[in-house]
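Derivation of every value follows stated rules applied to the coordinates shown; laboratory data play no part. Fair warning: this is a prediction, and the values are worked out from it, not measured in the lab. FYI the Cβ positions are ideal-geometry reconstructions off the backbone, even for glycines, and counts take in every protein chain you see.
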Amino acid sequence: MSGRNFVERDYFTDLSVLLNPYEYFEEIRAQGPVYQMQTHDALFVSGYDECIEVLRNNRDFSSAISTSGAAQPLPFEPEGEDISEQIEAHRAEMDPYGLVVTYDGELHSKVRSIVNRLFTPSRLKANKEFMLSYSEMLVKAAVAKGRCEMVNEIATPYVTMVIADLLGVPSEDRDKFREVIDSAPPPGDMESTQTEGPSPLEYMGMFFFGYLQARRENPGVDVLSELAEFTYPDGSLPDLIELVKLSTFMFGAGQDTSAKLLSNATRFITETPGLQDTLRADPGLIPDFLEEVLRLEGSTKATFRLAVRDTKIGGVSVPAGKRIVVGLAAANRDPRRWEHPNEFQLKRPRIREHLAFGRGSHTCAGAPLAKAEVAVILEHFLKQTAHIALNEDKHGTPGNRTLNYEPSYIIRGLANLHVDLVPA
Amino acid sequence: MPEVIVTKRDGEHSIIEFMEGATLMQAMSDGGVDELLAICGGVCSCATCHVHIDPASVSMLSPMSEDEQFLLEGSEHFNEYSRLSCQIRLTNEHHNLRVTVAEED
């Protein structure tokens with residue numbers, strides 16, 4: 001499919017794209033790695049090298065629209081070959097919450113330096129005890145029942161409690177957080193669901209403000225105390241609101257995408273012949289397995305950038321003000337980069353170079369946590385079961401499956417995944 | 001502007017200007033050293049921003065953390081001059097720091 005007869009489906013609203021984005025990516029790829037969309041005034045970048053080129057070029061590409069997406073019109077008419085001043089003047093309209101993922105330049109570097117120390121190997125090691133004990137309990141209960149719903153019953157509470165433990169959120173508040181997160185629409189919602197009351201970010205922000213303020217007054221030894229006392233490289237103290245936004249964002253972001261990774265990984269385990277036995281026999285393969293799942297079914301399909309000035313991507317001219325869809329999940333199946341890109345292959349060479357977590361200065365800071373926590377709970381599931389299978393009453397038989405995905409143009413995640421568990 | 005001197009894997013030297021407060025990894029990435037993968041984005045978890053410090057420049061740096069040491073020891077190309085460039089925050093005192101991009105693992 002290429003050339004003049006190509007009819008483009010709307011990436012942002014078409015539910016057939018939601019169900020199988022990979023087919024859509026191949027239709028787009030056939031038009032070239034950097035493609036001017038018909039449906040929106042945006043470029044879709046599906047090439048691996050080209051995505052990296054954009055993600056590493058902080059000078060020419062702004063992250064100001066990384067949450068609002070490339071479908072929304074800009075709140076201003078771009079003028080001239082450099083729109084950096086216009087972006088600064090309208091930044092708040094493009095991201096009302098002022099999240100770190102939309103920051104650029106020096107401010108981004110400063111705020112990012114706070115996050116950079118939170119998911120180090122020693123920190124994860126300290127958190128691992130909780131991951132092990134909490135996941136063991138969840139899995140035991142599910143196996144005793146003989147089945148579970150992986151997304152809402154297992155993955156969401158698990159990842160919520162793990163990040164809560166890591167950040168030091170008091171246990172009495174954790175369930176309240178989960179409740180508001182569970183009832184909110186996913187990021188990049190295709191259905192533009194209207195909800196009442198404060199958003200999860202606003203709700204949790206009130207709590208984090210209290211925690212951080214208390215710790216600035218009476219510092220302890222937990223992560224929240226470390227955050228409260230953090231100083232920027234220039235010696236200045238971050239604004240408390242900045243820290244609140246950051247903690248809240250980590251809590252919210254740590255939630256959804258990690259939960260989706262566990263369910264996407266579980267689907268692979270149940271649908272790939274022989275895979276679960278291989279992983280049971282050698283749990284040391286789980287990290288490699290997860291990297292390949294991240295490549296093929298990463299939780300984030302796309303991120304967005306805005307061209308700050310006239311520039312190029314892969315030799316294609318890009319005018320200032322052009323919106324860019326950085327197709328992370330498309331790049332992860334680029335045949336110029338990956339041999340047999342649609343095949344699942346354990347131990348693919350240089351697999352860690354996939355773009356599931358992005359690349360460059362905005363690379364997902366929570367990636368090490370996501371990989372560690374999902375590996376821990378998967379190992380429990382494999383150890384405590386002799387077999388895991390998709391529930392046929394809920395999802396149909398092999399070759400005739402029904403799977404529901406969250407209606408999001410950013411997140412690739414199952415809305416639910418019912419599995420049957422045969423005890424070991 | 002202060003500068004660092006980077007030797008790439010092909011032996012070519014790059015003189016890279018930096019802003020105080022940036023990490024060496026950021027400066028190298030922004031300066032076009034594309035072979036520095038820095039997959040984790042600077043959160044001290046992957047060791048793909050590994051560099052070797054010129055012996056004459058070693059005294060310019062503060063000691064490494066246990067996390068950095070742990071990650072570097074997992075590299076085939078670890079030696080006494082190894083550092084993760086994401087863990088080196090640059091100040092004007094690092095002007096003329098010389099480093100070489102480590103071989104890929």
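Using Cα pairs under 8 angstrom and six or more residues apart, how large is the relative contact order of the stretch A:265-424, in percent?
26
Shape of chain A from its Cα gyration tensor (a ≥ b ≥ c, root eigenvalues): rounded if a/c is under 1.5, otherwise prolate when a/b > b/c, or oblate?
oblate
For chain A, list the DSSP H helices whose alpha carbon atoms reach 18 Å or more along the long axis and whose average Kyte-Doolittle value is 1.6 or above?
Within chain A not a single helix satisfies the rule.
Could you work out, residue by residue across A:368-374, how many beta carbons of other chains sit within 10 Å of that residue's beta carbon, and then give the average as an integer?
The per-residue average across the peptide is 1.
Measuring from centroid to centroid over Cα atoms, what is the spacing of the stretch A:105-166 and the stretch A:10-51 in Å?
With the stretch A:105-166 and the stretch A:10-51 each reduced to a Cα centre, they are spaced 32 Å.
What does the C-alpha gyration tensor say about the overall shape of the stretch A:17-131? Classify as rounded when a/c is under 1.5, otherwise prolate if a/b is larger than b/c, or oblate. Present the calculation step by step, with values, prior to reporting the outcome.
Numbers: a/c = 2.12, a/b = 1.27, b/c = 1.67.
The shape class here is oblate.
Under the definition of Cα pairs under 8 Å and six or more residues apart, what whole-number percent is the relative contact order of chain B?
Details: 195 pairs, mean separation 42.3, N = 105.
Relative contact order for chain B comes out at 40 percent.
Within the stretch B:48-85, which residues have the backbone N less than 15 Å from the label spot 7 Å out from A:SER122 along Cα→beta-carbon, could you tell me?
Residues B:63-73 fall inside that zone.
How long is the gain from A:LEU15 to A:THR272 if the chain were fully straight, where each residue apart is worth 0.36 nm and the alpha carbon distance is subtracted? It would help to have the intermediate numbers written out before the result.
On the way: separation 257, 0.36 × 257 = 92.52 nm, distance 2.56 nm.
The span from A:LEU15 to A:THR272 would gain 90.0 nm if fully extended.
Give the shape of the stretch B:3-101 as rounded, prolate or oblate, defined through the alpha-carbon gyration tensor: a ≥ b ≥ c are the square roots of its eigenvalues, a/c under 1.5 means rounded, and otherwise the shape is prolate if a/b is larger than b/c and oblate if not.
Numbers: a/c = 1.32, a/b = 1.24, b/c = 1.07.
Rounded shape, in that the Cα axes give a/c under 1.5.
Hey, if you put +1 on the Cβ of every Lys and Arg and -1 on every Asp and Glu Cβ in the protein assembly as shown, which of A:PRO238, A:PRO219, B:ASN92 ends up farthest toward the positive end of that dipole?
Value: A:PRO219.
Taking the number of other C-beta atoms within 10 Å as the exposure measure, put B:MET19, A:MET131 in order starting with the fewest.
B:MET19, A:MET131
What ranking do B:MET64, A:MET250 get, fewest neighbouring Cβ atoms within 10 angstrom at the top?
Ranked by crowding around the Cβ, least crowded first: B:MET64, A:MET250.
List the GluC sites (Glu not before Pro) in the stretch B:19-69 that DSSP assigns to loop (not H, G, I, E or B) and whose Cβ has at most 16 other Cβ atoms within 10 Å. Which are they?
Answer in residue order: B:GLU20, B:GLU35.
Starting from the Cα of A:ASN400, step 7 Å along the direction of its Cβ; do the same at A:LYS347; then give the gap between the two resulting points in nm.
So the label points at A:ASN400 and A:LYS347 sit 3.8 nm apart.
Of A:ARG112, A:ARG91, how do they rank once you tally other Cβ atoms within 10 Å and put the fewest first?
A:ARG91, A:ARG112
Net charge near A:ALA253, counting Lys/Arg +1 and Asp/Glu -1 over other residues with Cβ under 12 Å of its Cβ?
Here the count lands on +1.
Is there a simple number for the mean count of other chain Cβ atoms within 10 Å of the Cβ of residues in A:121-131, and what is it?
Mean shielding count: 2.
Go through the stretch A:386-400 residue by residue and turn each phi into a ³J(HN,Hα) via Karplus (6.51, -1.76, 1.60, θ = phi - 60°); whole Hz please, and just put x for glycine and proline.
9, 7, 10, 9, 5, 6, 6, 5, 8, 10, x, 8, x, x, 9
Taking each residue in A:354-361, count the Cβ atoms of any other chain within 10 Å of its Cβ, then average. What number comes out?
Mean partner shielding for this stretch: 3.
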